Amino acid sequence: MAKKAIITGITGQDGSYLAELLLEKGYEVHGIVRRQSSTVRPRLDAVMGRTDLPLDKLHLHYGDLADGGGLVRLVSRVQPDEVYNLAAQSHVRVSFDAAEYTVDVTATGCMRLLEAIRDVGIQPRFYQASSSEMYGLVREIPQTEQTPFYPRSPYACAKVFAYWATVNYRESYNLHGSNGILFNHESPRRGETFVTRKITLAAARIKMGQQKRLALGNLDSKRDWGYAKEYVEAMWLMLQQPEGDDYVVATGETHSIRECLDVAFETVGLKWQDYVDIDPRYYRPAEVDLLIGDPAKAEKKLGWKPRTKFKALIELMVESDVRLLKDQLSGKPILSY
């Protein structure tokens with residue numbers, strides 16, 4: 001009998017890649033989506049467009065992490081073997097402007113889901129999408145599973161709460177709960193307001209004459225960037241282990257936003273210095289300057305390690321955005337590659 005999984009945040013970058021992975025493995029996948037006036041979901045449309053997947057095993061349910069009663073009903077009805085909590089207000093800069101909402105969805109939402117599982121009385125394996133932003137003002141380089149957290153945004157604070165809630169339920173209720181401390185992970189399905197996709201899409205648009213300038217904040221900020229499609233494999237592997245645990249998922253390399261600009265604009269034969277403006281509006285009130293993770297534990301215990309390097313990732317994203325813009329001009333269906 002096929003395993004059943006619930007994915008919150010299924011319409012996002014990670015959720016869509018995880019849904020693909022689980023369908024490929026024969027799972028029955030249940031995704032929670034919020035009710036919106038538009039049913040356009042380009043990332044999921046990319047999944048739905050794959051004729052090689054058992055799409056009859058993909059089920060979408062209206063719900064929200066703000067609705068504890070709805071979560072209880074869904075968990076009771078589905079009786080999942082695995083639960084992946086990927087939903088969040090995940091934009092760090094926006095979390096300063098919408099702090100209370102960010103905390104309600106990202107922190108309290110995780111607690112509501114954990115309580116729903118406990119109320120129903122089942123023991124699924126639980127994955128919590130934790131974040132490298134929890135390290136914030138870093139205490140050591142590189143960051144490991146033992147590095148103390150020092151969050152520098154409402155988003156990061158909320159993620160720290162959700163992390164410890166998962167650990168607490170693992171220790172208090174014998175939940176098979178795992179935290180994936182994922183460092184920045186990108187793809188052609190990344191949201192357009194996130195800096196890597198903002199850069200790759202701008203490079204493609206400028207090359208095609210659809211955009212003139214690009215405004216950015218701190219170009220010296222450094223991150224550990226990997227490929228989201230590979231990172232969801234680590235999520236799945238965590239829930240296949242005999243016991244729940246916490247893992248850093250990263251590349252072990254760090255690159256600046258300047259380097260991202262170099263690769264993106266070189267891919268389309270342009271110099272970014274001719275098109276980029278520095279805008280103070282894009283600086284964070286409290287900046288995180290350097291994040292770099294040590295994925296040794298994930299490699300040793302899960303057998304996981306990243307395959308796509310930084311340069312190849314940014315080139316992949318730019319090339320995808322060029323195709324996306326050409327599809328728009330030709331009137332083809334718009335999908336996230």
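As a summary of the residue check, ARG258 satisfies the conditions (1) open to solvent by 20 Å² or more (accessible area, probe 1.4 Å); (2) touching a residue at least 40 places away in the same chain (Cβ under 8 Å) except for the one numbered (2). Scanning for something under 24 Å from PRO295 (Cβ atoms), at pLDDT below 95 and under 22 Å from the mean Cα position of the chain (by Cα), does the range 104-112 turn up at least one residue? Among the residues of the range 104-112, not one is under 24 Å from PRO295 (Cβ atoms), at pLDDT below 95 and under 22 Å from the mean Cα position of the chain (by Cα), which makes the answer no. Quick check: anything in the range 291-311 modelled with pLDDT under 95, open to solvent by 20 Å² or more (accessible area, probe 1.4 Å) and not in a loop (DSSP other than H, G, I, E, B)? No; the residues of the range 291-311 include none that is modelled with pLDDT under 95, open to solvent by 20 Å² or more (accessible area, probe 1.4 Å) and not in a loop (DSSP other than H, G, I, E, B).
Please indicate, with yes or no, whether at least one residue in the range 129-152 is within 25 Å of VAL33 (Cα to Cα), open to solvent by 20 Å² or more (accessible area, probe 1.4 Å) and not β-branched (Val, Ile, Thr). No - not one qualifying residue is present in the range 129-152. The set of residues in the range 200-252 that are surrounded by 22 or more Cβ atoms within 10 Å (Cβ to Cβ) and in a loop (DSSP other than H, G, I, E, B) comprises ASP224, TRP225, GLY244, ALA250, THR251. Within the range 57-78, residues that are among the hydroxyl-bearing types (Ser, Thr, Tyr) have Cβ atoms under 8 Å from residues that are open to solvent by less than 60 Å² (accessible area, probe 1.4 Å) in these pairs: TYR62/ILE32; TYR62/VAL33; SER76/VAL120, counting only partners at least 6 apart in sequence or on another chain. For the range 316-326, filtered to residues that are crowded, with 16+ Cβ neighbours inside 10 Å and charged (D, E, K, R), the residue that is farthest from the chain's Cα centre (by Cα) is GLU319. The single condition from (1) modelled with pLDDT of 95 or more; (2) in contact with a helix residue (DSSP H, G or I) (Cβ under 8 Å, 6 or more places away or on another chain); (3) not acidic (Asp, Glu) that GLY191 fails is (1). Considering LYS207, LYS212, the condition of being touching a residue at least 60 places away in the same chain (Cβ under 8 Å) and more than 23 Å from LYS311 (Cβ to Cβ) is satisfied by LYS212 alone.
Scanning the range 8-55 for residues that are assigned to a strand (DSSP E or B) and open to solvent by less than 50 Å² (accessible area, probe 1.4 Å) turns up THR8, VAL29, HIS30, GLY31, ILE32, VAL33.
Cβ-Cβ distances below 6 Å connect the following pairs, each with a first residue in the range 113-127 that is under 15 Å from ALA5 (Cβ atoms), a second residue that is open to solvent by 10 Å² or more (accessible area, probe 1.4 Å) and in a strand (DSSP E or B), and a separation of six or more residues or different chains: ARG125/HIS176.
Of the residues in the range 118-126, at least one is surrounded by fewer than 16 Cβ atoms within 10 Å (Cβ to Cβ) and on the phi > 0 side of the Ramachandran plot. Screening the range 56-104 for residues that are of a type in the set (A, V, I, L, M), closer than 23 Å to ARG223 by Cβ and in a helix (DSSP H, G or I) and picking the one that is least open to solvent (accessible area, probe 1.4 Å) gives VAL92.
The values are calculated or read from the model by the stated rules, or taken from the named source; none is laboratory data. Computed from a predicted model, the values in this text were never measured in an experiment. Note: ideal-geometry Cβ built from the backbone for every residue, glycine included; neighbour counts use all protein chains shown. Quick note on the areas: whole protein, heavy atoms, side chains included, nothing else; ligands and nucleic acids left out. Shrake-Rupley method; radii C 1.70, N 1.55, O 1.52, S 1.80 Å.
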